[in-house]
Amino acid sequence: MMYKTHLAFSFLLVMFTIPLFNPSNQILFLGIALISSMLPDIDHPESKLGRYFKPLSFLFEHRGFFHSVFPLMIFGFVLLTYTRRIYVIAFVVGYTSHLIGDLITRQGIMPFHPISKIRIRGFLRTGTFLEFLIFLIFIIINIILVIKMP
């Protein structure tokens, strides 16, 4: 998926997560989720975050380690040690939204890389009109949810 679709999907999941956990700082919760939704692409030199961490693209294959559950667990544990649980939840929501988004693409993800090279693939071609439609649907739902917020 393209970064804007990842952001829109993460925003959507946050809109459903906030009422469940009621964070005291909803803007920070949203910000953490949105940033973490872009984090798995840090190993791609052309991604929004990856262009600032180019050496990672030489060390890790794209949609390899960072698109698995292991960085989610590692980062989550480290964050749990240094910050409040509610913000770890925001991180998990954002990171997981990215994994789910890429899971439905044709390139797919290897959720247990490097232990297993089994790749789960979906139907969506990245950057196509169908992805654009999905992005628009996410945006429309997000706008409706924001308008309906108390």
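Taken together, the values in this text are just the output of simple stated rules run on the coordinates, not laboratory data. None of these values were measured; they are calculated from a predicted model. Positions of Cβ are generated from backbone atoms using ideal geometry, with glycine treated the same way; all protein chains shown enter the neighbour counts.
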Completion exercise
Rounded to a whole number, the Stokes-Einstein D of the range 67-127 in µm²/s (Kirkwood radius over Cα pairs; 4 °C; 1.567 mPa s) is 105 µm²/s
Problem - Contact order relative to length of the range 3-148, as percent, for alpha carbon pairs under 8 angstrom and 6 or more apart - result: 28 percent
Completion exercise
The simple spin-label model distance between I143 and V78, using points 7 Å out along Cα→Cβ, in nm, is 3.8 nm
Fill in the blank from the handout: Dividing the mean separation of Cα pairs under 8 Å (6+ apart) by the residue count of the range 86-150 yields a relative contact order in percent of 20 percent
Exercise for the section: Compare the peptides 22-30, 141-149 by average per-residue count of other Cβ atoms within 10 angstrom and give them in order, highest first. Expected result: 22-30, 141-149
Handout entry: Correct choice for Cα extents along the principal axes in Å that was computed from the model, options (i) 70, 30, 18; (ii) 45, 42, 27; (iii) 39, 34, 29
Key = (ii)
Exercise for the section: State, to one decimal in nm, how far the label point of S24 lies from the label point of T126, with both points 7 Å from Cα in the Cβ direction. Expected result: 3.9 nm
Problem - Per-residue [θ]222 nm for the chain (sum of -39500 (n - 2.57) over DSSP H runs n ≥ 4, rounded to 500) - result: -19500 deg cm²/dmol
